[in-house]
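Asks: A single structure is presented below for examination.
All of the numbers you see were taken from the coordinates with simple rules; none came from a lab. Being a predicted model, the structure only gives us computed values, none of them experimental. So basically every Cβ, Gly included, is an ideal-geometry build from the backbone, and we count neighbours across all protein chains shown.
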Amino acid sequence: MGTNIQDVYICQQERTTELSRRNYQRNLATSQMTPKYFSRAVSNRRVVMPMTDIRKKNNVVKGKFDKYVMEEDFNPGKGGPYQAYSDNVDKESALFNRFTTLQKCPQNSFIPSTTSDLYNLMGPSPNVANTQFSLLQHVDTHPKFNPDSCGTETELFFNHTRQQMKNIKI
């Protein structure tokens, strides 16, 4: 009974298959996530009216997706839907203790009363007659003055002043 090189022992195939299946499942998300929609740039070069939107209307109905919950859903990708991030901003702020100041004194949770100057308008008073600076409030009135006494500037554009001056009858 010698050892034969051609003999192969195959063991634990069920365990290898199970590990391969579990590794493959780490490549898939548990549910389909909301896609990120990005609008493409619109060319405004050589366009007659560039201020109007020249995008084609979308005929495809947007899909409806379940709300993504980070604690329950698995995402193998780099980033999840924006809605999940925006829903958890307050949780992150609470974890980083951004709602209270880093003081150990009574002022760390000071909330001013509604009668404080934070809530009351304390701006400058309206125009009050001040005798010391009365010239600041003075409004000058000027008589109407028309530099074009000959009536040459009749058109808004293509106003040829030199030719119009030659055509004036004296």
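Asks: Lys and Arg at +1, Asp and Glu at -1: add these up for the other residues within a Cβ distance under 13 Å of Arg15 and post the number. Please report the intermediate quantities before stating the final value.
Replies: Values: positive: Arg21, Arg22; negative: Glu14, Glu18.
Cβ neighbours under 13 Å give a net charge of 0.
Asks: Based on alpha-carbon atoms only, what is the radius of gyration of the chain relative to the globular estimate 2.2 N^0.38 Å?
Replies: Against the empirical 2.2 N^0.38 Å value, I get 2.53 for the chain.
Asks: Further, regarding this structure: Ratio of Rg to Rh for region 1-51, alpha carbon only, Kirkwood?
Replies: On the way: Rg = 28.8 Å, Rh = 17.9 Å.
My calculation puts Rg/Rh at 1.61.
Asks: Another question about this same structure. Over the chain, what is the relative contact order in whole percent, taking alpha-carbon pairs under 8 Å and six or more residues apart?
Replies: 16 percent
Asks: Quick one: the Cα spread of region 12-111 along its three principal axes, in angstroms, biggest first?
Replies: 66, 63, 23
Asks: Restricting to lysine pairs 8 or more places apart or on different chains, what number in the chain have Cα atoms under 24 Å apart?
Replies: 14
Asks: Under 11 Å from the 7 Å Cα→Cβ point of Asn75, by amide nitrogen: which residues of region 24-51?
Replies: Those under the cut-off are 33-36.
Asks: Ok, one more. For region 50-99, which trypsin sites (Lys or Arg not before Pro) are in a loop by DSSP, counting at most 12 other Cβ atoms within 10 Å?
Replies: Working: sites: Arg55, Lys56, Lys57, Lys62, Lys64, Lys67, Lys78, Lys91, Arg98; in loops: Arg55, Lys56, Lys57, Lys62, Lys64, Lys67, Lys78, Arg98.
Hits after loop and neighbour filter: Arg55, Lys56, Lys57, Lys62, Lys64, Lys67, Lys78, Arg98.
Asks: Along the Cα→Cβ direction, 7 angstrom out, place labels at Arg21 and Ser149. What is the inter-label distance in nm?
Replies: Reported label-point gap for Arg21 and Ser149 is 10.5 nm.
Asks: Pairing the Cα long axis of helix 13-25 with the longest principal axis of the chain, what angle in degrees results, from 0 to 90 and rounded to the nearest 10?
Replies: Tilt of helix 13-25: around 0 degrees.
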